[in-house]
Amino acid sequence: MEMHRIGIIGFGEVGQAFAKGLAAHGGIKIDVFDIRFNDDGALLAARMDARALGVALRNNMSDLLLANDCIISAVTCENALEVARSSAAHITAGKLFVDLNTVAPRVKMNIYDIIKNRGGEFIEVAILGAIASYGFKSPMLACGQTAQKFASFLNTLGFDIKVLSEKIGTASSMKMLRSVFAKGVESLLIEMLTAAHKCDLMEPLMDEVVSHMDKTSFLDIAQTWITTNVVHARRRAEEMDHVIETLESLAVSPIMSRATRERLNACAALGLNERLKGKAPVDYRDAIRLMAE
């Protein structure tokens, strides 16, 4: 795997973070291209950023693809597949294509097929941390047959990349499923605090939630939530009726609360409380297995 010349497609937040991390290695030449370079204002700003990072701008994607051994795609999710298709004509045997984009496993597999059919090597990377907060040191997961070599090299530069599997789609599956929790909690907090603001309760409510979460490990909290859900889902769904009524009285749309009620009702409909005679499982894994079955 050659890593002497690296081309980055996409010079936004992620592309710039990777460029900064790679630039720490003096033996690597880095080229960047972004479709926004077609705009004079964006190009001027990019030149300033590139100069600060010590990387070179390319006028078009074809030049970047031809000149580099490793290509890193850091574009928007809706453009990830099209960038791979556009790159295919310039992918040659042994050339490495790394996709950083947040897309579904199916899309990663499609990109893999495009690159593989041209004889190239493919690695998918899922960024788990917030680039805005951690930059290139954000925790990442990588998958692919050559992912270990790629990760080992970048980790010597200060990156934080863990190889999850050789199977493409595994890292993106982890990212997507993790987002169920991360984005869900984010949305729940917004719904709760918007209502709390209208009651002049935002700070005390946030303090109470933080205090509850901080006084024990999250694993213990998750164990309690999930195992007791098996036997108490119906009662909790009924409680959510009153939560929804409260939010509506405050003119707050109970989007997440309605979804919570729906999930609780679905759990109650499984009949596990009756089957287990009101005795909750000991471990969250057992509870989830029962629900999944």
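Checking every residue in region 262-279 against the condition of being among the acidic types (Asp, Glu), within 20 Å of GLY184 (Cα to Cα) and part of a helix (DSSP H, G or I) gives at least one match. In the set (1) outside any strand (DSSP E or B); (2) surrounded by 14 or more Cβ atoms within 10 Å (Cβ to Cβ); (3) among the aliphatic types (A, V, I, L, M), the condition left unmet by VAL98 is number (1). Filtering region 280-293 to residues that are surrounded by 14 or more Cβ atoms within 10 Å (Cβ to Cβ) and within 21 Å of GLY184 (Cβ to Cβ) leaves TYR284, ALA287, ILE288, MET291. Applying the condition of being in contact with a helix residue (DSSP H, G or I) (Cβ under 7 Å, 6 or more places away or on another chain), not in a helix (DSSP H, G or I) and not aliphatic (A, V, I, L, M) to region 101-124 and asking which residue is surrounded by the most Cβ atoms within 10 Å (Cβ to Cβ) yields GLU124.
Close contacts from region 170-183, counting a first residue that is under 13 Å from LEU100 (Cα atoms) and a second that is aliphatic (A, V, I, L, M) and outside any helix (DSSP H, G or I), with Cβ to Cβ under 6 Å and a gap of 6+ residues or different chains, come to ALA171/ALA126; ALA171/LEU141; ALA171/LEU164; SER172/ALA126; LYS175/ALA126.
In this structure, ALA222 does not satisfy being of a type in the set (Gly, Ala, Ser), surrounded by 12 or more Cβ atoms within 10 Å (Cβ to Cβ), at pLDDT 95 or above and not in a helix (DSSP H, G or I). Checked against the criterion of being over 21 Å from ASN273 (Cα atoms), part of a helix (DSSP H, G or I) and either of a type outside the set (Asp, Glu) or not assigned by TED's automatic domain parsing to the domain that holds ASP286 (or both), the candidates HIS242, HIS232 yield just one match: HIS242.
Is it the case that SER249 is of a type in the set (Gly, Ala, Ser) and either surrounded by 13 or more Cβ atoms within 10 Å (Cβ to Cβ) or farther than 29 Å from GLY278 by Cβ (or both)? Taking the combined requirement at face value, the residue satisfies it. Does LYS167 satisfy being without any contact (Cβ under 8 Å) to a residue 40 or more places away in the chain, charged (D, E, K, R) and not in a helix (DSSP H, G or I)? Considered against the rule, which asks whether it is without any contact (Cβ under 8 Å) to a residue 40 or more places away in the chain, charged (D, E, K, R) and not in a helix (DSSP H, G or I), LYS167 comes out as yes. Taken over region 209-229, the residue count meeting the criterion of being under 21 Å from LYS279 (Cβ atoms) and hydroxyl-bearing (Ser, Thr, Tyr) is 3. Considering region 24-61, the residues that are of a type in the set (Lys, Arg) and touching a Leu at 6+ places or on another chain (Cβ under 7 Å) include one that is modelled with the highest pLDDT, namely ARG58. Residues that are in contact with a Cys (Cβ under 9 Å, 6 or more places away or on another chain) and either modelled with pLDDT under 90 or part of a helix (DSSP H, G or I) (or both) within region 1-23 comprise MET1, GLU2, MET3, HIS4, listed in sequence order. Count of region 246-261 residues, restricted to those that are touching an Asp or Glu at 6+ places or on another chain (Cβ under 9 Å), in a helix (DSSP H, G or I) and hydroxyl-bearing (Ser, Thr, Tyr), is 1. Of the residues in region 211-225, at least one is within 24 Å of ALA130 (Cβ to Cβ) and in contact (Cβ under 8 Å) with a residue 40 or more places away in the chain.
Looking at ALA45, ALA80, which is the one that is within 26 Å of the chain's Cα centre (by Cα) and assigned to a helix (DSSP H, G or I)? On inspection, the qualifying residue turns out to be ALA80.
Taking every residue in region 12-23 that is of a type in the set (A, V, I, L, M, F, W, C) and pairing it with any residue that is assigned to a helix (DSSP H, G or I), at least 6 positions away or on another chain, the pairs with Cβ-Cβ distances below 7 Å are VAL14/ILE131; ALA17/ILE131; ALA17/GLY135; ALA17/PHE136; PHE18/PHE136; ALA19/LEU53; ALA23/LEU53. Scan region 191-200 for residues that are surrounded by fewer than 15 Cβ atoms within 10 Å (Cβ to Cβ) and of a type outside the set (Asp, Glu) and the total you get is 3.
The values are calculated or read from the model by the stated rules, or taken from the named source; none is laboratory data. Quick caveat, the model's predicted, so the values are computed rather than measured. Cβ coordinates were reconstructed from backbone atoms using ideal geometry, including for glycine residues, and neighbour counts include every protein chain displayed.
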